[in-house]
Amino acid sequence: MTGIGSALAAVEMPIAEPGGAEAPPAPPSGWASTGRLGVFTSNIATANADTSRDPEVRSSAPSTSFTGTFDGTLWWRSEGADEVEQRLQIRYGRSRTGNADWAETSDFIEYDGVFRHRYQPRRAIYGSLTGTSAFTGPEPWQDPFDPIQVAAATGHSWLYENLMPLSDRLEVRAGVRAQKSWGKGLEDLSREIEVGPEAFLRYERKQTAEISWWAQAELFTEFDDVEHVQGLGTAGLALQLTRLVVIDLRLRAYYEHHPSDLPAQASYLGYDELGLRQETLIGLNVSW
């Protein structure tokens with residue numbers, strides 16, 4: 001699903017909120033962007049490790065790994081009530097142990113774009129477009145950008161900014177989504193267009209100058225198969241140790257209940273189970 005600490009300030013119209021609280025002034029219109037580029041690597045070298053009497057040396061194996069990341073946000077605000085926010089996440093990593101072949105450890109591309117029309121300072125009508133893929137597809141084909149999933153949605157959005165210092169932002173969406181997947185390794189059922197209600201929640205916070213974090217949850221099901229629930233949760237934390245050194249933690253969890261029209265002879269592998277990926281990286285980072 002976005003970049004850590006890239007909170008989007010609200011386009012607030014100067015009208016009173018319920019209870020007499022006045023909305024904060026609108027930020028400048030036009031284009032703005034943030035980005036973070038990271039490079040994380042590790043290397044283990046050994047000599048006579050297999051015969052060493054030290055247990056840590058003896059258990060070591062020569063290995064090399066690297067991961068490159070990019071998190072960017074680009075947004076546009078009109079002088080009125082319209083705004084466009086775009087987020088792009090890219091992660092790619094490989095590792096090698098001994099004389100074995102290089103193996104991918106991270107391979108992920110995600111784009112999330114949303115248009116909002118604010119009819120009140122903290123309420124909007126939204127339209128969104130998302131795409132998820134990978135640089136290298138599954139074996140044996142290993143085609144680029146395979147599989148790929150594209151989703152479009154529209155509905156209602158609630159947004160709240162600057163509830164906690166230094167800055168933060170909460171967005172809740174409820175709407176209707178249509179999504180479709182393409183890929184050589186997908187079964188026919190997974191290639192169909194799916195249409196149904198979606199729920200979306202994202203909270204991001206710049207807690208201090210060195211600490212920023214975010215958490216996001218998405219829920220989707222189909223109108224003609226409400227038991228086919230798909231849930232995705234993601235979270236991240238960035239701890240800036242120095243101007244260039246950062247600790248980056250990421251969590252991604254996915255659950256999908258099997259479709260009711262799944263053929264009896266089909267495999268249930270991957271359905272009705274929670275898949276998790278947790279990653280901790282320490283490396284160099286450039287932000288703007």
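By how many nm would the segment from Ser63 to Asp272 lengthen if fully extended, with 0.36 nm per residue of separation less the alpha-carbon distance?
That works out to 71.7 nm of additional length.
Separation between the Asp107 and Ser52 pseudo-spin-labels, each 7 Å from Cα along Cα→Cβ, expressed in nm?
Modelled inter-label distance: 3.2 nm.
Students often check this: by mean Cβ neighbours within 10 Å, which of 30-41, 71-82 ranks highest, and how do the rest follow?
Per-residue Cβ counts within 10 Å, averaged per peptide and sorted highest first, yield 71-82, 30-41.
Any idea what Rg and Dmax come out to for the range 185-281 if you just take the C-alpha atoms, in Å?
For the range 185-281, the Cα-based Rg and Dmax read 17.9, 56 Å.
Which value in nm describes the separation of the simple spin-label points at Phe135 and Ser42, placed 7 Å from the Cα toward the beta carbon?
Those two pseudo-labels are separated by 2.0 nm.
For Val226, Val114, what ranking results if the residue with the fewest other Cβ atoms within 10 Å of its Cβ goes first?
Placing the least packed residue first, the sequence is Val226, Val114.
Taking the Cα centre of the chain as origin, work out the dipole magnitude from +1 charges on Lys and Arg Cβ and -1 charges on Asp and Glu Cβ, in debye rounded to 20.
1080 debye
Give the residue from Ile211, Ser95, Leu129 lying farthest towards the positive end of the charge dipole for the chain; charges sit on Cβ (+1 for Lys and Arg, -1 for Asp and Glu) and the dipole is referred to the Cα centre.
Ile211
Go ahead and estimate [θ] at 222 nm for the chain from helices alone: -39,500 (n - 2.57) per DSSP H run with n ≥ 4, summed, over the residue count, rounded to 500.
Helices in the chain give a 222 nm mean residue ellipticity of 0 deg cm²/dmol.
In nm, what is the difference between 0.36 nm times the number of residues separating Thr97 and Phe70 and their Cα-Cα distance?
7.2 nm
Using the number of other C-beta atoms within 10 angstrom as an exposure proxy, rank Tyr203, Tyr271, Tyr119 with the fewest first.
Ascending Cβ contact count within 10 Å gives the list Tyr119, Tyr271, Tyr203.
Got a sec? Charge dipole of the range 154-286, +1 on Cβ for Lys and Arg, -1 for Asp and Glu; which of Leu276, Leu251, Gly231 is way out at the positive end?
Leu251
Using Kirkwood radius over Cα pairs in Å as the read-out, say which of (1) 21.4; (2) 27.9; (3) 19.6 was calculated from these coordinates.
Among (1) 21.4; (2) 27.9; (3) 19.6, the one calculated here is (1).
Label-point separation (nm) for Arg191 and Val245, each offset 7 Å from Cα along Cα-to-Cβ?
5.1 nm
Grab the beta carbon distance between Gln120 and Ser33, set R0 = 35 Å, and tell me the FRET efficiency rounded to 0.05.
0.85
I'd like the Karplus ³J(HN,Hα) series for the range 94-110: coefficients 6.51, -1.76, 1.60, θ = phi - 60°, whole numbers in Hz, and an x wherever there's a Gly or Pro.
9, 9, 8, 10, x, 9, 5, 5, 5, 10, 6, 10, 9, 7, 7, 9, 9
Hey, how many Å between the Cα centroid of the range 167-225 and the Cα centroid of the range 70-133?
11 Å
No lab work stands behind these numbers, since they all come straight from the coordinates. These figures come from a predicted structure and were not determined experimentally. Note that we place each Cβ from the backbone using ideal geometry, even for glycine, and neighbour counts take in every protein chain shown.
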